[in-house]
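> Below is the structure I would like to discuss, written out as structure tokens.
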Amino acid sequence: MATMYPSPLGRNLLLGEGVIIVGADVTFGANVVVHADTVIGAGCYIQDGAVLGKVPSLSPTSTAKRDELEPLVLGPGCVISTGAVVYRGTELGAGCIIGDYAGVRERCTLGERVVVGRGSVVENDTTIGDGTKIQTNVYITAYMTIEDCCFIAPCVQTTNDNFMGRTEKRHALIKGATIRRGARIGGGVVLCPGIEIGEEAFIAAGAVVTRDAPARKVLMGVPARVVRDVYEDELLENQ
């Protein structure tokens, strides 16, 4: 049976069976739900109304895998903000911040110090590298790879299905974008399925990217096109 805990752990804290809290200084807000087997590292701060270790409820037509999921694991020093939901089967590295009302689905791996902004969604089977920052109201579709030190501005939208739910052949072809190390994606950009954004590329606000973006180039427009090189003083190696 799960147990209800009062303050000081957090009013109406619900811990499922087998929850493991590793180390000291873990703080819970009010009305937090932690599902069975979740592992919470030292120094984590779980704010009001957050839900950890949720098991997905898949529709009959969902393309997501239906395998048994490993427990959710939070590395030390993570912050799960108010109303955020992080699913079972996912692993967050040390120092991640999941913003208010954000969601991270199953089988995702987030490196250290990843930020997922308020209201953003990271769908299933996605990998995000160390130090990447995802701003407010971003949609990260399933089956994406985002490498280290990327910046994704508010309201970016990503896609993974060129057939939009029609035809059976789509199942073998579903794939989100790959965003290489240090790339920057401007506000309101749309990334089409399966494309690659090269290392340190810069995609200007409002662009629609329909094909691969070369490394260290600035792209803008609909559809996006190369307009110049990224300036040397903006490259990670010069920071």
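Bear in mind these aren't lab numbers, they're just calculated from the coordinates by the rules spelled out. The structure displayed is predicted, hence computed values, not measured ones. Reconstructed Cβ throughout: ideal geometry from the backbone, glycine too, with neighbour counts over all protein chains shown.
> Report the extension gain between R11 and M164 in nm, rounded to one decimal, defined as 0.36 nm multiplied by the number of residues separating them, less their alpha carbon distance.
Net length gain for the segment: 50.7 nm.
> Can you put E70, E200 in order, fewest other beta carbons within 10 Å first?
The order, fewest Cβ neighbours first, is E70, E200.
> Once amide H atoms are built 1.01 Å from N in the peptide plane, which residues 5 or more positions from C108, or in another chain, come under 5 Å H to H?
T90, E91, D125, T126
> Using a 10 Å cut-off around each Cβ, can you sort R184, R228, R216 from fewest to most neighbouring Cβ atoms?
Exposure proxy ranking, most exposed first: R228, R216, R184.
> Taking neighbour counts of Cβ atoms within 10 Å as a proxy for exposure, in what order, fewest first, do V33, V226, V86, V122 appear?
V226, V33, V122, V86
> Here's a follow-up. Got the relative contact order for the chain handy, in percent, Cα pairs under 8 Å and 6 or more residues apart?
Reported as a whole number, the value is 9 percent.
> Of V79, P60, L14, whose Cα points farthest to the positive end of the dipole of the stretch 14-100 (charges on the beta-carbon: +1 Lys, Arg; -1 Asp, Glu; origin at the Cα centre)?
Result: P60, furthest along the dipole toward the positive end.
> I need to check one value: relative contact order of the stretch 125-239, counting alpha carbon pairs closer than 8 Å and at least 6 residues apart, in percent.
The normalised contact order for the stretch 125-239 reaches 18 percent.
> Moving to a separate point now. Label the stretch 141-239 by shape, choosing from rounded, prolate and oblate, from the square roots a ≥ b ≥ c of the eigenvalues of the Cα gyration tensor; if a/c is under 1.5 it is rounded, and otherwise prolate applies when a/b is larger than b/c, oblate when it is not.
Prolate is the answer for the stretch 141-239, as a/c is 1.5 or above and a/b outweighs b/c.
> Take a quick pass over the chain and tell me how many lysine pairs come in under 29 angstrom between Cα atoms, counting only ones 8 or more apart or on separate chains.
9
> Something else: Between E234 and D212, what is the FRET efficiency for a Förster distance of 22 Å, r being their Cβ-Cβ separation, to the nearest 0.05?
0.60
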